[in-house]
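Asker: Before I ask anything, let me first share the structure, which is written out below as structure tokens.
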Amino acid sequence: MELSDVRRRVRTAIEESRRRTEERRTRKDDASRAWEQVLATVAVPAFHDVAQALVAEGHRFKVVTPGAAVRLVPEKGGEEFVEMALDTDGDEPAVVFRSTRGRGRRTLASERALATRVDALTDTDVVVELIEELKPFLER
């Protein structure tokens, strides 16, 4: 292979990499802006609604908002929580539910991404997914 062909291929790879990086950065910025809106207008109110319903049923939970996330924490749970946040570490930004709960001496942690786009999330989506994540906490 000619050296000029090798250099052309390297330049093409560099340009492609720069273009993909810029596209990824744009997607992350767009998702972060959308998440700020969804967090304030959809996610936090939905978490408060679920917390109120849980308290009415005898399960004491409170809502906290650490950084750009929202958490539902049992009042007597130590390090246990269910959290909804935006994950921008991958190629595609995604809304994720993370939960940590104790089981005896073990701590179980899980994380799953929602298939719904950030700007398409509704309060119903949040409530349904949050209740699904809460089921192990309610088994006690």
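Since every read-out is calculated from the coordinates, none of them should be taken as a lab result. Computed from a prediction, not measured in an experiment: that's the story for all the values here. Every residue, glycine as well, gets a Cβ built from its backbone with ideal geometry; the counts of neighbours run over all protein chains shown.
Asker: In the stretch 113-127, whose amide N lies under 17 Å from the spot 7 Å out along Cα-to-Cβ of HIS48? List them in ranges.
Answerer: The answer is 123-124, 126-127, whose backbone nitrogens lie closer than 17 Å to the label point.
Asker: If you average the sequence gap of Cα pairs under 8 Å that are 6 or more apart and divide by the length of the stretch 3-138, what percent do you get for the contact order?
Answerer: 20 percent
Asker: Still on this model: On a C-alpha basis, how far is the centre of the stretch 7-25 from the centre of the stretch 77-123 in Å? Whole number, if you could?
Answerer: Here the answer is 32 Å between Cα centres.
Asker: While we're looking at this one, here's another question. Counting only GluC sites (Glu not before Pro) that sit in a DSSP loop (anything but H, G, I, E, B) with at most 14 other Cβ atoms within 10 Å, what is the longest stretch of the chain containing none of them?
Answerer: The reported range is 80-138.
Asker: What are the lysines whose alpha-carbon lies under 28 Å from the alpha-carbon of LYS62, with same-chain residues fewer than 8 places away excluded?
Answerer: Cα-Cα hits under 28 Å: LYS76, LYS135.
Asker: Note the listed values (1) 34, 16, 12; (2) 64, 17, 12; (3) 41, 18, 10, then indicate which one is semi-axes √(5λ) of the Cα gyration tensor in Å calculated from this particular structure.
Answerer: Here semi-axes √(5λ) of the Cα gyration tensor in Å agrees with entry (3).
Asker: Continuing with this model, one more query. Does the stretch 58-140 come out rounded, prolate or oblate by the C-alpha gyration tensor, with a ≥ b ≥ c the root eigenvalues, rounded set by a/c under 1.5 and, if not, prolate when a/b is larger than b/c and oblate if not?
Answerer: It is prolate, given that a/c is not under 1.5 and a/b is the larger ratio.
Asker: GNM, the chain, Cα, under 10 Å: largest mean-square fluctuation among ARG11, ARG19, ARG117?
Answerer: ARG11
Asker: Could you grab the relative contact order for the stretch 9-70? Cα pairs under 8 Å, six or more apart, rounded to a whole percent.
Answerer: 27 percent
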